[in-house]
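Undergrad: Can you read through this structure? Questions will come right after.
The values are calculated or read from the model by the stated rules, or taken from the named source; none is laboratory data. Quick caveat: nothing in here was measured; it's all calculated off a predicted structure. Don't worry about glycine lacking a Cβ; one is built from the backbone with ideal geometry, like all the others, and counts go over all protein chains shown. Accessible surface areas use protein heavy atoms only, side chains included; no ligands, DNA or RNA. Shrake-Rupley method; radii C 1.70, N 1.55, O 1.52, S 1.80 Å.
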2 protein chains.
Amino acid sequence: MDVLVPFAAERPKTRLGAVLDAAERRAFAGAMLGDVLRAIRAAGHASEVLATAPVDLSAVADPPAVDDVPVTVDDVPVTVDDVPVTVDERPLSPAVNDALAARRPDADDPLAVVMADLALATPGAIDRLAAAGGDVAIAPGRGGGTNALVVRHPEFRVDYHGASFRDHRAAAARVGADVDVVDSFRLSTDVDEPADLAEVLLHGEGAAADWLRDAGVSLAATSGRVEARRE
Amino acid sequence: MDVLVPFAAERPKTRLGAVLDAAERRAFAGAMLGDVLRAIRAAGHASEVLATAPVDLSAVADPPAVDDVPVTVDDVPVTVDDVPVTVDERPLSPAVNDALAARRPDADDPLAVVMADLALATPGAIDRLAAAGGDVAIAPGRGGGTNALVVRHPEFRVDYHGASFRDHRAAAARVGADVDVVDSFRLSTDVDEPADLAEVLLHGEGAAADWLRDAGVSLAATSGRVEARRE
């Protein structure tokens, strides 16, 4: 399965501005991208980054310490600095839709779209995404988003604006594509807001969790859910 | 598999106070309890409610409209008004631990603990919980909680206070129990805060989602994640 990984390279993760400055947000977004690419490769799939600006994967996509590489295959660390990067400055939906129109994916040649901020993605979670049925398989994000898709229908198109999970179900119905929903906590967790950092610290197994710890972000117990705070 | 469903019967869901008044919170909590019990029964498991006060399941656990019952087996609606209710006024952890001590669950006779506010629980999600391996299988909640457990080890005990997911991993290690983590968005979604209501409206298939819609709670698009609002 080929996997497209859209990545906002220029001003990523603005909603994390209360915790991380602009340079830190770029570094953290790069660490998450690396984790996602490693999970996809370790699961045996080919990925391509669809970025809004050039990305140097040798700089952003490797974990901070080599002996801490979390993803290995046959005990060999998975590296991703050779993943192809396509630059498309347009907004997310037209860029993805051009790729869908060019590829015309079907059951024999599906195309997946996996967001670059799924810091909890593991090879196992990617396996479950790939194994889902349906002409369109959707892993919803919290708050109505679409975090990962597998498209096996040549006419399906995306619209990530607003409550895209519902919109993508409707878009699939319009072209006669049936939908499978992937029930994954890991894939539902896109990292946009400070509260999401707690999930990375709790469940992350890769470079993004390491990066947060190195930056002094830690878990803080509260009366309700655990939160992330920075010293 | 036997399933214990703890339920705070007296003052449930206080963190929803900005949207629902006390009587509404009780009714909504009852609707969620009914959905959870129906999902467990439809998946073929026996449940028992562990409540802090008496609960009339004939009043709370059936959907508002019979022709809208979402869970059926062989086209017969699943009813749950005969599920046994045990009243234990103590806090959650000692009440559950007494049940674990009395049952001494093992691989042949596991005991599951599933929270009553998992409004997105489906028979399929309960199936995946039951199929998970490990002496202890944990479905984490958002923010570090423990939303569902399957215990197959006689010495494991719970402590739901604070970041219980981590604590339960440690508690399992202390008694030599290995842990499997269940990767489920549905089981990760406990409904505690107003933002969680959006998930019920987006993905709920049962009485809780119906109840919210009848109460005038609907989805509101924002710049980030979709939110729930009340007219």
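Undergrad: Can you tell me which residue within the range A:183-230, out of those that are more than 12 Å from chain B (Cβ to nearest Cβ) and acidic (Asp, Glu), is farthest from the chain's Cα centre (by Cα)?
TA: A:214
Undergrad: When you go through A:150, A:191, A:200 one by one, which is the residue that is assigned to a loop (DSSP other than H, G, I, E, B) and surrounded by 16 or more Cβ atoms within 10 Å (Cβ to Cβ)? Can you show your working first?
TA: On the way: A:150 fails: assigned to a loop (DSSP other than H, G, I, E, B); A:200 fails: assigned to a loop (DSSP other than H, G, I, E, B).
Result of the check over A:150, A:191, A:200: A:191.
Undergrad: Another question, then. Of the conditions (1) within 23 Å of residue B:219 (Cα to Cα); (2) within 14 Å of chain B (Cβ to nearest Cβ); (3) modelled with pLDDT of 95 or more, residue A:131 satisfies every one except a single condition; which number is it?
TA: That leaves (1) as the condition not met.
Undergrad: Assess whether residue B:47 counts as being among the hydroxyl-bearing types (Ser, Thr, Tyr) and either in contact with a strand residue (DSSP E or B) (Cβ under 7 Å, 6 or more places away or on another chain) or open to solvent by less than 30 Å² (accessible area, probe 1.4 Å) (or both). It would help to see each step written out before you state the result.
TA: Values: among the hydroxyl-bearing types (Ser, Thr, Tyr): yes; either in contact with a strand residue (DSSP E or B) (Cβ under 7 Å, 6 or more places away or on another chain) or open to solvent by less than 30 Å² (accessible area, probe 1.4 Å) (or both): yes.
Spelling it out, residue B:47 is indeed among the hydroxyl-bearing types (Ser, Thr, Tyr) and either in contact with a strand residue (DSSP E or B) (Cβ under 7 Å, 6 or more places away or on another chain) or open to solvent by less than 30 Å² (accessible area, probe 1.4 Å) (or both).
Undergrad: So, one more: Select from the range B:172-188 the residues that are in a loop (DSSP other than H, G, I, E, B), more than 17 Å from residue A:122 (Cα to Cα) and not acidic (Asp, Glu) and list them in ascending order.
TA: Let us first name the residues in the range B:172-188 that are in a loop (DSSP other than H, G, I, E, B), namely B:175-178, B:182-184.
If we keep only those that are more than 17 Å from residue A:122 (Cα to Cα) as well, we get B:175-178.
B:175, B:176, B:177, listed by residue number.
Rundown of residues vs (1) charged (D, E, K, R); (2) within 23 Å of residue A:196 (Cβ to Cβ), yes/no style:
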site: B:99; (1), (2): no, no
site: B:110; (1), (2): no, no
site: B:119; (1), (2): no, yes
site: B:160; (1), (2): no, yes
site: B:186; (1), (2): yes, yes
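Undergrad: While we're looking at this one, here's another question. Assess whether residue A:121 counts as being without any contact (Cβ under 8 Å) to a residue 60 or more places away in the chain, outside any helix (DSSP H, G or I), of a type outside the set (Val, Ile, Thr) and surrounded by 21 or more Cβ atoms within 10 Å (Cβ to Cβ).
TA: Working: without any contact (Cβ under 8 Å) to a residue 60 or more places away in the chain: no; outside any helix (DSSP H, G or I): yes; of a type outside the set (Val, Ile, Thr): yes; surrounded by 21 or more Cβ atoms within 10 Å (Cβ to Cβ): yes.
Judged against the criteria, residue A:121 is not a match.
Undergrad: Does residue A:80 fit the bill of being within 28 Å of residue A:136 (Cα to Cα), under 18 Å from the mean Cα position of the chain (by Cα), of a type outside the set (D, E, K, R) and not in a loop (DSSP other than H, G, I, E, B)? Steps first, answer last, please.
TA: Details: within 28 Å of residue A:136 (Cα to Cα): yes; under 18 Å from the mean Cα position of the chain (by Cα): yes; of a type outside the set (D, E, K, R): yes; not in a loop (DSSP other than H, G, I, E, B): no.
Considered against the rule, which asks whether it is within 28 Å of residue A:136 (Cα to Cα), under 18 Å from the mean Cα position of the chain (by Cα), of a type outside the set (D, E, K, R) and not in a loop (DSSP other than H, G, I, E, B), residue A:80 comes out as no.
Undergrad: Could you list, in sequence order, the residues of the range B:133-142 that are open to solvent by 10 Å² or more (accessible area, probe 1.4 Å) and either among the aromatic types (Phe, Trp, Tyr) or touching a strand residue (DSSP E or B) at 6+ places or on another chain (Cβ under 9 Å) (or both)? Write out each step before concluding.
TA: Here is the first cut: in the range B:133-142, the residues open to solvent by 10 Å² or more (accessible area, probe 1.4 Å) are B:133-135, B:142.
Matches in the range B:133-142: B:133, B:134, B:135.
Undergrad: Might you check whether a residue that is away from chain B (no Cβ under 13 Å), open to solvent by 30 Å² or more (accessible area, probe 1.4 Å), at pLDDT below 95 and more than 25 Å from residue B:182 (Cα to Cα) occurs anywhere in the range A:169-178?
TA: Within the range A:169-178, not a single residue is away from chain B (no Cβ under 13 Å), open to solvent by 30 Å² or more (accessible area, probe 1.4 Å), at pLDDT below 95 and more than 25 Å from residue B:182 (Cα to Cα).
Undergrad: Something else about it: Suppose we filter B:113, B:136, B:151, B:85 for residues that are in contact with a His (Cβ under 7 Å, 6 or more places away or on another chain) and on the phi < 0 side of the Ramachandran plot; which single one remains?
TA: Values: B:113 fails: in contact with a His (Cβ under 7 Å, 6 or more places away or on another chain); B:151 fails: in contact with a His (Cβ under 7 Å, 6 or more places away or on another chain); B:85 fails: in contact with a His (Cβ under 7 Å, 6 or more places away or on another chain).
Going through B:113, B:136, B:151, B:85 in turn, the sole match is B:136.
Undergrad: Modelled with pLDDT under 95, open to solvent by 30 Å² or more (accessible area, probe 1.4 Å) and not polar (S, T, N, Q): which single residue out of A:224, A:206, A:162 fits that description? Lay out the reasoning, then the answer.
TA: Details: A:224 fails: open to solvent by 30 Å² or more (accessible area, probe 1.4 Å); A:206 fails: open to solvent by 30 Å² or more (accessible area, probe 1.4 Å).
From the options A:224, A:206, A:162, the qualifying one is A:162.
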